[in-house]
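The structure appears below as structure tokens.
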């Protein structure tokens, strides 16, 4: 299993409040342009999803 590094907290782009980490999702790679971001042992890459406790907005980023 691949270790995920600790990252900085995500800040809501709308209200500038620290967002809550909601989940991680494995995104399978089908586009050759995304192959460089993919973890070969997973067959894709991990995307983090975050939600804002103040405005309810959502955002994501690569883990």
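The values are calculated or read from the model by the stated rules, or taken from the named source; none is laboratory data. Bear in mind that the values here come from a model prediction, so they are computed numbers and not experimental data. Cβ: placed from backbone, ideal geometry, glycine included. Neighbour counts: every protein chain shown.
Brief remarks on what is shown
- Assessment of segment 9-21 against the conditions (part of a strand (DSSP E or B) and modelled with pLDDT under 90) yields no matching residue.
- Residue count, segment 28-56 (criterion: closer than 28 Å to residue 13 by Cα and free of Cβ contacts under 8 Å to residues at least 12 places away in the same chain): 5
- Within segment 37-63, considering residues that are within 13 Å of residue 22 (Cβ to Cβ) and more than 13 Å from the chain's Cα centre (by Cα), the one surrounded by the fewest Cβ atoms within 10 Å (Cβ to Cβ): 56
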